[in-house]
Amino acid sequence: MDEVIRVKGLTKQFGRLAVLRGIDCAIKASEVVCVIGPSGSGKSTFLRCLNGLEDASGGEVLVHGVSVHEPKTDVDALRSEIGMVFQRFNLFPHKTVLENITLAPSKVRGLTGEQARQRARELLEKVGLLDKIDAYPNQLSGGQQQRVAIARALAMQPRIMLFDEPTSALDPEMVGEVLAVMQSLAEEGMTMVVVTHEMGFARQVADRVLFIDEGLVVEEGTPAAIFDTPQEERTRKFLSKVL
Amino acid sequence: MEQVLWFGWFRADIISEYAVLFWRGLQMTITVTLICIVQGTALGLAIGLARVAEARHSPARQMCKYLLQWPSAVYVSFFRGTPLFVQILLIHFAVLPLFINPTDGLLISGEVARDLKQNYGAFLSGVVALTLNSGAYISEIFRAGIQSIDKGQVEASRSLGMSFPRTMYHIVLPQAFRRMLPPLGNNAISLLKDSSLISAIGLAELAYAARTVAGAYSRYWEPYLTISLMYWVLTLGLAYGVKRLEVRYGRGDSR
Amino acid sequence: MNFLHKTAIVAGTLLLALGSVQAQNRELVVGSSATYRPFAYENPNKEIVGYDVDIIKAVAQKAGLQIKIVNTPWTGIFAALNNGDVDLVISGVTINDKRKQSYDFTTPYFEARQLIAVSRDSSVKNLKDLAGKKIGVVNGSTGDDIASREFGKTNPDIRRFESTPVVISELVNTGLDAAIGDNGVIAFRVQEHKQLKTVSDPSFPKEFFGIVVKQGNKALLDKLNTGLAAVKADGSYAQIYKKWFNADAPVLPAQ
């Protein structure tokens with residue numbers, strides 16, 4: 001299996017604050033990697049560096065062999081291959097669910113109206129929200145909005161999906177429906193990088209778990225390895241607080 | 001002339017005597033206002049975008065900073081920081097004569113210049129001054145409107161592979177526009193009333209008509225009450241138009 | 001009543017008496033639009049000087065009046081007179097019937113004629129030659145009256161401005177073909193701009209400047225007229241005239 005994402009010595013400074021202090025990792029095709037860690041550890045920043053939403057202060061991020069942060073790179077083209085789901089959903093409030101999903105495919109990929117609509121319907125079916133196709137985001141619950149957000153990201157047929165704490169802003173009863181969608185995506189073979197606090201999901205769905213603390217990868221391994229037999233002291237400390 | 005008294009004191013006859021001036025003045029005021037609203041909004045949008053323009057890498061980064069952000073910041077500062085009245089006089093007596101002059105105009109000279117100056121001089125100066133002035137204020141409205149849109153919207157759009165211009169056009173500006181409608185509406189109303197200042201350089205609009213009657217009869221109630229009413233009606237009309245726009249763009253209320 | 005009470009009453013009465021004496025000799029406020037060279041204008045030391053100023057000072061001295069001259073914009077000068085902000089107005093005001101309807105005038109203190117200013121190479125020889133040309137006047141002035149009567153008061157070719165300097169600027173800028181104004185002012189301004197010249201028209205009637213008081217203020221009017229007569233009688237008038245216009249003072253009618 002080939003490498004899809006390669007991160008080399010990634011550092012990131014916000015002014016004087018060093019948020020990432022040298023991250024190295026490689027993610028393979030169809031791999032599901034969960035990133036866990038305390039707040040302020042830099043895990044969201046790490047994720048956002050993968051699609052260029054954050055600049056790198058040093059080091060390199062390669063996606064399909066293309067450097068994300070180099071000036072010459074066509075970042076828009078790169079991003080159309082990478083889907084991202086945000087903690088706060090970020091649906092476009094002035095557009096219907098259908099319009100949210102069809103916007104990028106029609107403008108960026110040049111799909112015709114009918115083609116885009118067809119794809120949207122299929123995706124909404126997949127996330128179980130076909131009946132909401134003409135609703136506006138403010139008419140949906142949090143869980144529904146997030147599922148639409150996932151469908152929107154999938155509409156561009158990305159090869160990689162990034163999830164930035166996708167369930168952290170949801171009421172507990174809605175977390176399950178979103179995680180279910182994510183799980184079925186994983187089972188279909190999507191390459192996924194998920195920053196999350198849902199340890200149950202990580203244990204069940206992830207191929208690999210990264211524990212990041214204070215800007216460095218402290219420990220990584222299979223879910224069983226990390227959750228059942230953590231090697232590092234810091235890992236143990238963190239897990240004892242959340243499990 | 002027969003005196004016609006309303007309510008025992010209002011000399012309606014002096015108004016009707018100059019009715020043509022009021023009518024022409026009304027048309028001129030409406031024309032100037034509408035032209036300046038449209039041009040001012042277009043200019044304000046351009047400058048507003050210039051002020052938020054950013055690029056990630058040089059040389060685009062430097063170009064944005066020095067060619068777009070700085071000049072537009074200076075422009076806004078000047079036109080908001082000096083009185084409109086002064087701007088009108090400056091443009092009419094100092095700036096425009098540089099460009100349109102029978103002897104040595106930079107843009108237009110000769111007989112065409114003379115004709116232009118005499119027939120449209122005040123109109124041109126007034127429109128230019130008012131456009132530049134309102135453009136500055138409107139650019140601030142656009143800038144604030146654009147910056148008020150949650151960053152997450154831009155991030156979501158860019159993550160989908162949409163370019164910065166596309167993001168602006170489909171995601172940011174439509175949302176910002178609805179927020180900007182009330183201040184834009186206010187600006188339009190101010191513009192309508194500010195247009196009265198152009199009477200000082202001899203443009204025959206509403207305030208000019210009132211000044212003429214006041215000058216002829218040394219009476220102030222009649223002419224100024226008359227145009228006050230006319231401005232008020234125009235303002236109400238503008239406000240109504242803006243309200244309609246607000247309703248039209250109100251579907252899908254943003255959070 | 002105790003001692004304190006008595007003192008209070010005496011003091012109060014004295015003050016009242018003093019006050020009424022003051023009232024009789026109180027300082028009169030003179031309104032003048034000090035943008036009207038050479039009649040009333042501000043010199044570099046910010047003092048108001050001019051022909052009108054010298055006349056009113058002389059008149060006040062002869063009539064035993066205390067005066068204070070206050071720079072009042074032309075647009076509101078009659079309103080100020082009516083509501084008591086100023087007691088009298090001396091500001092190159094031409095005596096005419098329309099104004100007599102609302103205000104009272106003293107006997108004349110200056111003979112005025114209208115004068116046309118045009119560019120040096122203009123072929124205009126008299127008023128009628130101005131047909132179809134763009135004419136600048138000061139709003140509500142005698143020049144405005146003449147142009148209005150000749151060419152129609154709502155004629156768009158008549159451009160009205162708020163002060164002579166602005167009219168002259170517009171003429172120099174070639175925004176106008178001609179300007180009509182009072183001889184004193186026009187001659188003075190044309191001197192400053194070598195590319196202009198003056199043209200007279202025999203039909204221009206002689207008119208007179210008078211000092212204006214609120215309608216019905218006979219007491220003040222009489223005092224001013226007495227003073228003015230004295231000024232004419234003892235040669236001060238001729239002296240002042242020579243100072244400002246370097247010419248012999250014309251004999252003024254007594255009405």
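Quick notes on this structure:
- Translational D in µm²/s for chain B (Stokes-Einstein at 4 °C, 1.567 mPa s, Kirkwood Rh from C-alpha pairs): 62 µm²/s
- Solvent-accessible area of residue A:228 with every protein chain in place, 1.4 Å probe, in Å² to the nearest 10: 90 Å²
- Region A:1-134 - accessible surface per residue (Å², probe 1.4 Å): 43 Å²
- Its Cα gyration tensor gives the protein assembly as shown an equivalent ellipsoid; the semi-axes, largest first and in whole Å, are 80, 30, 24.
- Around the Cα centre of region C:174-255, unit charges on the Cβ atoms of Lys, Arg, Asp and Glu (plus for the first two, minus for the last two) sum to a dipole of about 220 debye.
- Buried accessible area, chains C and B (both chains, 1.4 Å probe, Å² to nearest 100): 2300 Å²
- Projecting the Cα positions of B:37, C:13, C:136 onto the charge dipole of the protein assembly as shown (unit charges on Cβ atoms of Lys, Arg, Asp and Glu, taken about the Cα centre) puts C:13 furthest along the positive direction.
- The mean count of C-beta atoms from other chains within 10 Å of the C-beta of residues in A:176-186, rounded to a whole number, is 0.
- For region B:1-130, the spherically averaged projection of the C-alpha convex hull amounts to 12.8 nm².
- Each listed q (0.20, 0.22 Å⁻¹) maps to a log10 I(q)/I(0) for region B:112-255, found by the Debye formula over equal Cα scatterers with no solvent: -1.18, -1.29.
- Of all lysines in the structure, those lying under 23 Å Cα to Cα from residue A:132, and not within fewer than 8 positions of it along the same chain, are A:95, A:107.
- For region A:221-237, 3J(HN,Hα) computed residue by residue from phi via the Karplus equation (6.51, -1.76, 1.60; θ = phi - 60°) reads x, 5, x, 4, 4, 6, 6, 8, 10, x, 8, 8, 4, 4, 4, 4, 4 Hz, glycine and proline entered as x.
- Region A:188-198 - phi-based ³J(HN,Hα) in whole Hz, Karplus 6.51/-1.76/1.60, Gly and Pro as x: 7, x, 6, 6, 10, 10, 10, 8, 7, 9, 7
- Note, ³J(HN,Hα) from phi for region C:60-67, Karplus 6.51, -1.76, 1.60, rounded to Hz, x at Gly and Pro: 4, 4, 5, 8, x, 10, 8, 10
- Selection from A:32, A:75, A:127, by position along the positive dipole direction of chain A (Cβ): A:75
- Every Cα-Cα pair in region C:156-207 was counted, and those over 13 Å apart are 59% of them.
- Per the Kirkwood formula applied to alpha carbons, region C:128-255 shows a radius of gyration over Rh ratio, Rg over Rh, of 1.03.
- For the peptide B:115-124, the mean number of other protein chain Cβ atoms found within 10 angstrom of a residue's Cβ is 3.
- Calculated FRET efficiency for the pair residue A:16/residue A:232, C-beta based, R₀ 22 Å, to 0.05: 0.20
- Per-bin percent of Cα-Cα distances, chain A [10 Å]: 8, 31, 36, 21, 5, 0
- Over region C:47-182 - Rg/Rh using Cα atoms and the Kirkwood inverse-distance radius: 1.02
- Relative to the globular-protein estimate of 2.2 N^0.38 Å, the Cα radius of gyration of region A:27-148 stands at 1.22.
- Estimated Rh, region C:73-151: Kirkwood, alpha-carbon pairs, angstrom: 14.9 Å
- Here residue C:197 is the anchor, and the lysines within straight C-alpha reach of less than 25 Å, apart from those fewer than 8 places off in the same chain, are B:117, C:125, C:128, C:133, C:134, C:206, C:242, C:243.
- Think of each Lys and Arg Cβ as +1 and each Asp and Glu Cβ as -1; about the Cα centre, that makes the dipole of chain B roughly 1140 debye.
- Unit charges at the beta carbon, dipole of region C:55-137: most positive-side option, C:91, C:116, C:64: C:116
- Sum of -39500 (n - 2.57) over DSSP H runs of 4+, divided by residues of chain A (222 nm, nearest 500): -11500 deg cm²/dmol
- Rolling a 1.4 Å probe over the heavy atoms of the protein chains gives chain B an accessible area of 49 Å² per residue.
- Volume per residue of the C-alpha convex hull in chain C, rounded to whole Å³: 157 Å³
- For residue B:11, the residues 5 or more places off, or on other chains, whose built amide H falls under 5 Å of its own are B:6.
- Share of alpha-carbon pairs per 10 Å distance bin for region B:82-129, given as whole %: 31, 53, 15, 1
- Lys, Arg +1 and Asp, Glu -1 on Cβ, resulting dipole of region B:57-151 about Cα centre, debye, nearest 20: 380 debye
- Annotation for the B:A interface, with buried accessible surface near 2400 Å², both sides summed [1.4 Å probe; non-protein components not counted].
- Per residue accessible area in Å² of chain C, where ligands, DNA and RNA are left out and the probe is 1.4 Å: 48 Å²
- Cα-based radius of gyration of region A:134-243 once divided by 2.2 N^0.38 Å, which approximates compact folds: 1.17
- In region A:104-122, burial by the other protein chains removes 10 Å² or more of 1.4 Å probe accessible surface, compared with the chain on its own, from A:104, A:107, A:108.
The values are calculated or read from the model by the stated rules, or taken from the named source; none is laboratory data. Quick caveat, the model's predicted, so the values are computed rather than measured. For neighbour counting, all protein chains shown are included, and Cβ atoms are generated from backbone atoms with ideal geometry for every residue, glycine included. With ligands, DNA and RNA removed, areas are computed over all heavy atoms of the protein, side chains included. Shrake-Rupley method; radii C 1.70, N 1.55, O 1.52, S 1.80 Å.
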